[in-house]
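Working notes, beginning with the structure itself.
The values are calculated or read from the model by the stated rules, or taken from the named source; none is laboratory data. It should be emphasised that the depicted structure is a prediction, and the values quoted were computed from it without experimental measurement. Note that we place each Cβ from the backbone using ideal geometry, even for glycine, and neighbour counts take in every protein chain shown.
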Amino acid sequence: MNRRTCLKTLAAAGLLGPSKLLASVTNAIPGAESVENLPKIKGTITLYLGRGEGGLYEDILEAIEKRNPDLKLKIRRGPSSALANTIVAESGAGLKRADVFWAIDSGSIGRVVHDANAEPLPSNIRTLLKPEFQRESWAPISGRIRTLPYNTNRVTPEDLPKSILDLPDSGLKIGWAPAYAAFQSFVTALLLTEGEKTTRDWLRAMRSKARSFAGELNVVMAVASGDLDIGLANHYYSLRLKKGRPDAPLALGFTHNDAGCLLNASGVVLMKSRPETHLFLRYLLTKEVQSYLSREAYEIPLVAGLEPPKGLPPISEIKPPKVDLDKLANMKPTLALLRDTGIL
């Protein structure tokens, strides 16, 4: 989908223009605000934006700017982890150049929250989110869950491992992307839930069984083409591929209540607590933006009253592990372990 088409989609959803239909629907959904009911944003906001999601975040920002002509967004772009390091360094030097930090993973967010004097969220923003995603110092914007995409011509549901720890002994051709941030967050969750020895043993066993790729989209494409039986990837890569290729022999597999089905999130940290930054965050949590992210990016809405993207089972059925997302920020043990086991 190109940029112009994305903007047309947002316009049709009401973000770029009035929509009485959406306003009436929104009124029936507790917790979900509509852009139609929000004041205009005025002023300048310096946004540190983590790269990701194929430009869809950029389209949302452009739409917000178009709707708010008195808003000036000054955007600094880069990998979420690099921007988090920059914010921490600036904070250590007594500077706060960023007003808002929007990151694609909770690990980067946790680093900023812990080490850069982030501002607490106003209660009226926290309560827009589902109770399990309400945080004191950052707002989850959209969720992503770890999956085992598999080729339906080569693998049956009965062949899928019940636990991520069973994957090395499954006899399946496996693909993964160890350098990818989402994979490293998964390994961090494995360390938190299973301990260092079990995680080390699992990585060593997987090293000789798994083929490495540069990114998780490449993993999913190799599964769909039949080069792999199964892969490790965030859910939305498979759903996006299936949208473009409905007949692709690709399905989502899940483990249950372990790091293999970790529910992670993108999110926003307020570095400066001002009316314009509060309003900007409320725009990101509106029904229109959340629905757009679900429909076009296949991300999981975290605002109360909105459904998961089409093709993804309810989260209650998947049963992700209970992992404090803030603890995913400590990546040093993960990176050391990946290097020590020869994965990186």
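Give me a count of the residues in the range 93-117 that are of a type outside the set (K, R), surrounded by fewer than 19 Cβ atoms within 10 Å (Cβ to Cβ) and touching a residue at least 24 places away in the same chain (Cβ under 8 Å).
Selection size over the range 93-117: 3.
For the range 121-135, the criterion of a residue being modelled with pLDDT of 90 or more, more than 17 Å from L306 (Cα to Cα), over 21 Å from the mean Cα position of the chain (by Cα) and not polar (S, T, N, Q) is satisfied by at least one position. Of everything listed in (1) under 21 Å from G143 (Cα atoms); (2) surrounded by fewer than 22 Cβ atoms within 10 Å (Cβ to Cβ), the single unmet condition for S208 is (1). A count restricted to the range 265-290 and to residues that are within 16 Å of E58 (Cα to Cα) and either polar (S, T, N, Q) or in contact with a strand residue (DSSP E or B) (Cβ under 7 Å, 6 or more places away or on another chain) (or both) stands at 8.
Residue under question is R126, and the condition is that it be of a type in the set (D, E, K, R) and touching a strand residue (DSSP E or B) at 6+ places or on another chain (Cβ under 6 Å); does it hold?
Working: of a type in the set (D, E, K, R): yes; touching a strand residue (DSSP E or B) at 6+ places or on another chain (Cβ under 6 Å): no.
Considered against the rule, which asks whether it is of a type in the set (D, E, K, R) and touching a strand residue (DSSP E or B) at 6+ places or on another chain (Cβ under 6 Å), R126 comes out as no.
The helices (runs of 4 or more DSSP H) falling completely within the range 216-316 that include 3 or more residues that are crowded, with 23+ Cβ neighbours inside 10 Å and in the same structural domain as D99 (by TED's automatic domain parsing) map to 287-296.
When R204, R211 are screened for being over 18 Å from the mean Cα position of the chain (by Cα) and either acidic (D, E) or in a strand (DSSP E or B) (or both), only R211 passes.
Selection of the range 15-63 for residues being at pLDDT below 70, crowded, with 19+ Cβ neighbours inside 10 Å and within 19 Å of A304 (Cβ to Cβ) yields L22, T26.
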